[in-house]
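Shown next, in structure tokens, is the structure this report addresses.
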Amino acid sequence: MSLSTFESTVKLIEAPQQSVYAMLSDLNNLEKAKDHLPGDKLTDLTFDRDSVSVSVPPIGSVLLRIVERDEPKTIKFETEQSPIPFNLWIQLVAASETTTKMKLTAKAEINPFFRGLIAGPLQEGLEKIADALTMVQYE
């Protein structure tokens, strides 16, 4: 097994850093982002303040839990249930008083044999989640 890192491109969100952090650090707010998530890629979405569960065809069921909040900069997640254990970070940096730069980073222990099969879909999924998060109304 080797540790693989996947990063989204840096996205610009038209909202202050504190507003973005407040929304993303409480997963109950996913209700507002639900319509922006790709329904063909994510199904059976359930969530509470600290965790989110989703079914990702063909990978299967994934349960993520927030393990650390560093207001207003970082939200860290770990998998509690997943065919591929991984960590996910949402990083937020104020670009101005009214805009925020966001980047998603995932680190996963992946067997080198399977890395070629799942690296593309993982990277694509991370990018789609980042895109969806830019479309949410934060204020």
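The values are calculated or read from the model by the stated rules, or taken from the named source; none is laboratory data. Predicted model, so just to flag it, every value in this text is computed and none were measured. Neighbour counts run over all protein chains shown; Cβ positions are idealised from the backbone, glycine included. In case anyone asks, the SASA skips ligands and DNA or RNA and just uses the protein heavy atoms, side chains included. Shrake-Rupley method; radii C 1.70, N 1.55, O 1.52, S 1.80 Å.
Computed values, structure above
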item: Filter pass, Ser55 being over 14 Å from Ile129 (Cβ atoms), modelled with pLDDT under 95, surrounded by 16 or more Cβ atoms within 10 Å (Cβ to Cβ) and over 13 Å from the mean Cα position of the chain (by Cα); result: no
item: Residue pairs meeting the criteria (Cβ under 7 Å; at least 6 apart or on separate chains; first under 18 Å from Tyr138 (Cβ atoms) and outside any strand (DSSP E or B), in segment 1-18; second at pLDDT below 95 and of a type in the set (A, V, I, L, M, F, W, C)); result: Ser8/Leu126; Ser8/Ala130
item: Out of Gln81, Gln18, sole residue that is of a type in the set (S, T, N, Q) and more than 16 Å from the chain's Cα centre (by Cα); result: Gln18
item: Test set (1) modelled with pLDDT of 95 or more; (2) on the phi > 0 side of the Ramachandran plot - Thr74 fails condition number; result: (2)
item: Residue that is farthest from Met135 (Cα to Cα) [pool: residues in segment 1-38 that are in contact with a Phe, Trp or Tyr (Cβ under 7 Å, 6 or more places away or on another chain) and crowded, with 16+ Cβ neighbours inside 10 Å]; result: Leu27
item: Criterion violated by Ser82 - all others in (1) under 20 Å from Gln123 (Cα atoms); (2) open to solvent by 50 Å² or more (accessible area, probe 1.4 Å); (3) not charged (D, E, K, R) satisfied; result: (2)
item: Qualifying residue in segment 91-105 (condition: touching a Ser or Thr at 6+ places or on another chain (Cβ under 8 Å), of a type in the set (S, T, N, Q) and at pLDDT below 95); result: no
item: Strands (runs of 3 or more DSSP E) contained in segment 42-137 and holding at least 3 residues within 24 Å of Glu31 (Cβ to Cβ) and in contact (Cβ under 8 Å) with a residue 24 or more places away in the chain; result: 51-56, 60-70, 74-81, 86-94, 100-110
item: Residue satisfying all of: in segment 106-117; under 18 Å from the mean Cα position of the chain (by Cα) and surrounded by 19 or more Cβ atoms within 10 Å (Cβ to Cβ); nearest to Ser82 (Cα to Cα) among these; result: Ala108
item: Matching residues, segment 119-139, being at pLDDT 90 or above and open to solvent by 60 Å² or more (accessible area, probe 1.4 Å); result: none
